[in-house]
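Undergrad: Take this structure first; my questions come after.
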Amino acid sequence: MSTLTRDEEFLLQQARDAAKHAYCPYSHFAVGAACESEIGIVKGCNVENASYGLSCCAERSALFAAVSRGAKRFTRLALSCTNATADTRPETGMCCGACRQVMAELMPQNALVIIDGIGTFTVAELLPKPFLLLGETNSQKEVLP
């Protein structure tokens, strides 16, 4: 993983802290996320449900909480699976497809996603061809300076 800036490391630590609140009685896989926007940093964690389809990942939890507080411009998101071990495959720490689609909807294409122990990616790298409504193009998505 490349060297993180002080701000990126702080955001990642916020994601690690958020994982402490995860409700994960089925997977026992605590995940935390922290997103950065014009309203500040908002954290979220995974919340599981016995009916797995009703669960919510940490990334979506953080982004949805930020939107509900008025955030409109996201710059970064950090993600941490705090109980991942050295023998855990890196793929298990990656964002699921639903989270990638939500990021593509809410975040600029070049916004950074910092995944603990794995690396830093842009939203476009995580989902190069997101679902778009008719008439919408990726070029219409906001790009950070």
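The values are calculated or read from the model by the stated rules, or taken from the named source; none is laboratory data. Keep in mind the model is a prediction, meaning the values are calculated, not measured. Using ideal geometry, Cβ is built from the backbone for each residue, glycine included, and neighbour counts are taken over all protein chains shown.
Undergrad: Out of the residues in the stretch 28-59 that are among the polar types (S, T, N, Q) and touching a helix residue (DSSP H, G or I) at 6+ places or on another chain (Cβ under 9 Å), which is farthest from Met107 (Cα to Cα)?
TA: First pass over the stretch 28-59, keeping only residues among the polar types (S, T, N, Q): 37, 46, 49, 51, 55.
Pick out the ones that are also touching a helix residue (DSSP H, G or I) at 6+ places or on another chain (Cβ under 9 Å) and you get 37, 46.
Details: Ser37: 10, Asn46: 19 Å.
Across the stretch 28-59, the extreme among qualifying residues is Asn46.
Undergrad: Something else now. For the stretch 64-78, indicate whether the set of residues that are of a type in the set (Phe, Trp, Tyr), at pLDDT 95 or above and surrounded by fewer than 23 Cβ atoms within 10 Å (Cβ to Cβ) is non-empty. Spell out how you get there, then give the answer.
TA: In the first step, residues of the stretch 64-78 are kept if they are of a type in the set (Phe, Trp, Tyr); the result is 64, 74.
Adding the requirement that they be at pLDDT 95 or above leaves 64, 74.
Now restrict to residues that are surrounded by fewer than 23 Cβ atoms within 10 Å (Cβ to Cβ): 64.
Yes, there is a match, as at least one residue in the stretch 64-78 is of a type in the set (Phe, Trp, Tyr), at pLDDT 95 or above and surrounded by fewer than 23 Cβ atoms within 10 Å (Cβ to Cβ).
Undergrad: Can I ask one more? Write out, first by first residue and then by second, each pair whose Cβ atoms fall under 8 Å of each other, whose residues are 6+ apart or on separate chains, and whose first residue, in the stretch 16-28, is under 11 Å from Asn49 (Cβ atoms) while the second is among the small types (Gly, Ala, Ser) and at pLDDT 95 or above.
TA: Final answer for the pair search is Cys24/Ala30; Tyr26/Ala50.
Undergrad: Identify all residues within the stretch 27-54 that are surrounded by fewer than 17 Cβ atoms within 10 Å (Cβ to Cβ), of a type in the set (S, T, N, Q) and under 20 Å from Arg16 (Cα atoms); write none if there are none.
TA: Ser27
Undergrad: For Thr88, which of the numbered conditions (1) surrounded by fewer than 21 Cβ atoms within 10 Å (Cβ to Cβ); (2) at pLDDT 95 or above fails to hold?
TA: Unmet for Thr88, out of (1) surrounded by fewer than 21 Cβ atoms within 10 Å (Cβ to Cβ); (2) at pLDDT 95 or above: (2).
Undergrad: Filter the stretch 81-106 for residues that are under 13 Å from the mean Cα position of the chain (by Cα) and without any contact (Cβ under 8 Å) to a residue 40 or more places away in the chain and give the result. Give the steps one after another, and end with the answer.
TA: Looking only at the stretch 81-106, we keep the residues that are under 13 Å from the mean Cα position of the chain (by Cα), and these are 81, 93-106.
The answer is Gly93, Met94, Cys95, Cys96, Gly97, Arg100, Gln101, Ala104, Glu105.
Undergrad: Something else: Looking only at strands (runs of 3 or more DSSP E) that lie completely in the stretch 37-145, which have at least 2 residues being farther than 27 Å from Tyr26 by Cβ and among the hydroxyl-bearing types (Ser, Thr, Tyr)? Lay out the reasoning, then the answer.
TA: On the way: elements: 40-45, 74-81, 112-115, 119-122.
Ranges flagged: 119-122.
Undergrad: What residue, among those in the stretch 1-26 that are surrounded by 15 or more Cβ atoms within 10 Å (Cβ to Cβ) and among the charged types (D, E, K, R), is farthest from Ser68 (Cα to Cα)?
TA: If we take residues in the stretch 1-26 being surrounded by 15 or more Cβ atoms within 10 Å (Cβ to Cβ) and among the charged types (D, E, K, R), then Glu8 is farthest from Ser68 (Cα to Cα).
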